[in-house]
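Everything below concerns the one structure shown next.
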Amino acid sequence: MNGNAGSNSGGGSGSSAITISKDSTRFLTVTSNSGRGGTSYGESGADGSGSVVDQGGTGSAGYSWASNGGGGAGGIAGRAGVHIVIRARKIVLNGTIITSGSAGGNGGNGGRLIRQSGATNFWGSPGLGGGGGSGGNISIFYADTLTNTAAKFVNGGSGGAAGYGDTGFVQPVSQGGSGTPGTFTSKKLTPAEYASSISVDEK
């Protein structure tokens, strides 16, 4: 029986089993290989596999093997949006400003359980979707005037969907969490504040 190692952020290996009942004068080589889990973000697990080599001899022999598929790897997390800080005496914002986070990646499918008799209706566990990236903040500090007609998109990215697996090759309802939306803030500075170095976190 041959197993496969898991990996960082990847799906786990499946299990395998062999049953042999034979006379001492009968010779067999039975192999059962568990499916490896997905090894990179969103990769599906491999199906199980196995084989039987009858090497002859006398007497009776009974045997069976079963190999579970590997689990799907989880989806990659979304990228966070960049923060924007503008500090000037007069500021004009127009057009479109986007600091949204990106969506999380989908999880991989589970590998299939294979028996000596053939494929079954059971798969390894699916990988879960990655979480969405958080949106970046837009912070505006001005001394005289702010003209703001820009469209601003600061939303967090959506979470990725889970893969398919388990009995019947089904998809879990749950998915990766959405990223936290960013914020838009503006502040008119006093002459003293504009002349000095201010913290970007100051409201």
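DSSP bridge analysis restricted to the chain gives an antiparallel fraction near 55%, rounded to the nearest 5. Model label sites at Thr190 and Gln116, defined 7 Å from Cα along the beta-carbon direction, differ in position by 8.6 nm. Taking a point 7 Å from the Cα of Thr96 along the Cα-to-Cβ direction, the residues of segment 160-189 with backbone N closer than 18 Å to it are 182. Using the Cβ-Cβ distance between Ile18 and Thr167 with R0 set to 22 Å, the FRET efficiency works out to roughly 0.45. Residues whose amide H falls under 5 Å from that of Gly107, counting only those 5 or more places apart or on a different chain, are Gly75, Gly129, Gly130, Ala161, Ala162, Gly163, with hydrogens built in the peptide plane.
As a fraction of the 1.4 Å probe accessible area of the chain, surface on carbon and sulfur atoms comes out at 51 percent.
A cut-off of 5 Å between modelled amide H atoms, ignoring neighbours fewer than 5 places along the same chain, links Asn148 with Leu93.
In order along segment 59-66, phi translates into HN-Hα couplings of x, 8, 8, x, 7, 7, 9, 8 Hz, rounded to whole numbers, per the Karplus curve 6.51 cos²θ - 1.76 cosθ + 1.60 with θ = phi - 60° and x for Gly and Pro.
The values are calculated or read from the model by the stated rules, or taken from the named source; none is laboratory data. As the structure is a computational prediction, the values presented were derived from the model and not from experiment. Cβ: placed from backbone, ideal geometry, glycine included. Neighbour counts: every protein chain shown. The area values use the complete protein model at the heavy-atom level, side chains included, leaving out ligands, DNA and RNA. Shrake-Rupley method; radii C 1.70, N 1.55, O 1.52, S 1.80 Å.
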